Amino acid sequence: ELANRMAERVSDVVKALMNMGMMVTQNQPIDADTAEVIVEEFGHKIVRVSDADVEDVIHSVEDKDEDLVPRPPIITIMGHVDHGKTSLLDAIRNAKVVAGEAGGITQHIGAYQVTTDSGAVLSFLDTPGHAAFTSMRSRGAQVTDIVVLVVAADDAVMPQTVEAIAHAKAAGVPMIVAINKCDKPSADANKVRTDLLQHEVIVEQMSGEVQDVEVSAITGQGLDELLEAIALQAEILELKANPDRAASGAVIEAQLDVGRGPVATVLVQNGTLRQGDIFVVGEQWGKVRALINDQGERVNEAGPSVPVEVLGLNGTPEAGDVLNVVETEAQAREIAEYRESAAKEKRAAAGAATTLEQLMAKAKEDENLQEMPILVKADVQGSAEAIVQAMEKIGNDEVRVRVLHAGVGAITETDVGLAEASGAPIMGFNVRANAPARNAANQKGVEIRYYSVIYDLVDDVKAAASGLLSAEI
Ligand code: GDP
């Protein structure tokens, strides 16, 4: 590829690489820095891919109005802990997925689609809570069209209810209130409605414009009404997309599967994703080997608002990463490499201390240390997001915690490398370091801390951060 672009003979390029001590074959990828040296050696001009080039490749087509067709709404369920978000998601799924359909077994892939009795299709994000919602947004992936705010009728408005309202409003996403647990004798739906008034959420029953539906995730009461309310709200929003273009979408979950390799659940936002498509997603790229829907069935394509598992990635992306189909593998690889090196540079910009204690000591010497970098590895995406969310709240104007990376899975040598480069400790939540990572950490003096309770992790970081604070006074 490189020889081609320089209009040089492949054998000459391979020879030049061998002269540099790199024993490569002609189809072997080389890193950007090496490529740069080679290009210079051959007397050519180097053009590194820039943000603008990436944008050009990705956003080359504008949709015309006549190409746009209605698409299903994407719904996130938010609300206070224990108010029934998970129960509601399960109840909707169970009520609407017809047993005995081909494939039949619903798969938890991070999102699912249901069809209402009146025929509207709705896509639900399967990760309730505002942590995922916010971190997706902060990564540039706004995937939610409608927020269903769950409020338990036996508990009314609670702190996380208020937070959820704030998040929905900040994102400019309309809300529908599901007053849950209405089967309970102690349920008081009107208290929920009046409580909400104080937070400027005026429901229809209070002559406002926010739809409210009384439901029970346990008995199934009101579920159909809730779904119709969502469908109605979606109609008002006139959501549209162009299925006849190269796909773009957002990663809502991703993991490294032992048997299948890296797997990402992608919610298609525009266009149609097809088997064989070449794509770039965050710092990764790939070619769609298979698409699997929320019923566990293989499908050939996925259109707007459809969630699918994508196989054929060369690495594991992160939730919130945006996927774009591109034309050639060379483009995909180039953009992924460019993003990776840009991200590396950013990470390397952090300090040099590697343990919480050293960070505190460093703060005493360095009055300007304002950021405390940490690296988080957790067992599941949900906990990683929750930890990031909690970390963002720690600190004040003088010091704040910066999560360099929050990933899912065992702590690896790569993590240790990143931690060392950035002077950050690694916080493992319900995960361990593998043997090579432990060795590397010992050698490089990178601290790895293990936790199984989020609060403990948060407390330790808080303590370290306040150490930084007091050190400055
Ligand atoms: P989440 O934390 O918001 O996801 O809440 P969960 O879905 O885990 O529910 C918390 C508890 O409330 C569980 O014990 C549920 O069984 C119970 N629950 C959820 N919805 C209802 C409901 O409609 N009626 C009753 N009686 N209990 C419910």
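The values are calculated or read from the model by the stated rules, or taken from the named source; none is laboratory data. For clarity, every value in this text was computed on a predicted model and none was experimentally measured. FYI the Cβ positions are ideal-geometry reconstructions off the backbone, even for glycines, and counts take in every protein chain you see. Just so you know, the surface numbers come from the protein's heavy atoms only, side chains and all, with ligands and any DNA or RNA stripped out. Shrake-Rupley method; radii C 1.70, N 1.55, O 1.52, S 1.80 Å.
Report the rotationally averaged projected area of the range 391-462 based on its alpha-carbon convex hull, in square nanometres.
So the mean shadow area of the Cα hull is 4.8 nm².
Going by average Cβ density within 10 Å per residue, which order do the peptides 64-71, 327-334, 310-317 take, highest to lowest?
Order by mean packing, descending: 310-317, 327-334, 64-71.
Rounded to the nearest whole Å³, what is the per residue volume of the convex hull around the Cα atoms of the chain?
180
Probe radius 1.4 Å, ligands and nucleic acids ignored: give me the carbon and sulfur share of the accessible area of the chain as a rounded percent.
Of the solvent-accessible surface of the chain, carbon and sulfur hold 48 percent.
Heavy atoms only, 1.4 Å probe, whole protein assembly: order Tyr450, Tyr338, Tyr455 by accessible area, highest first.
Ranked from most to least accessible, the order is Tyr455, Tyr450, Tyr338.
Under the Kirkwood approximation for Rh and a Cα-based Rg, what ratio Rg/Rh is obtained for the range 267-313?
Looking at the range 267-313, the ratio lands at 0.93.
Compute, for Val14, the solvent-accessible surface of its heavy atoms (probe 1.4 Å) with the complete set of protein chains present, and express it in square angstrom to the nearest 10.
30
For the chain, what proportion of DSSP beta bridges, expressed in % and rounded to the nearest 5, is antiparallel?
55
Roughly how many Å² of Leu239 are accessible to a 1.4 Å probe, to the nearest 10?
30
Kindly report the accessible area of the chain per residue (heavy atoms of protein chains, probe 1.4 Å, no ligands, DNA or RNA), in Å².
I get 47 Å² per residue for this part.
So how do Lys377, Lys181 rank on accessible area, 1.4 Å probe, biggest first, that is with the largest at the start?
The ranking, largest first, comes out as Lys181, Lys377.
Could you put Thr116, Thr127 in order of accessible surface area, largest first, with the 1.4 Å probe and the full protein assembly present?
Order by accessible area, largest first: Thr127, Thr116.
Asp459: accessible area at probe 1.4 Å, nearest 10 Å²?
Surface accessible to solvent at Asp459 totals approximately 90 Å².
Express the C-alpha Rg of the range 234-280 as a ratio against the empirical globular expectation 2.2 N^0.38 Å, rounded to two decimals.
1.43
Evaluated at 25 °C with a viscosity of 0.890 mPa s, what Stokes-Einstein diffusion coefficient in µm²/s does the range 143-264 have when Rh comes from the Kirkwood expression over alpha-carbon pairs?
150
Using only helices, what value at 222 nm comes out for the chain when you add -39,500 (n - 2.57) per DSSP H run of length 4 or more and divide by the total residues, to the nearest 500 deg cm²/dmol?
Mean residue ellipticity, 222 nm, calculated: -11000 deg cm²/dmol.
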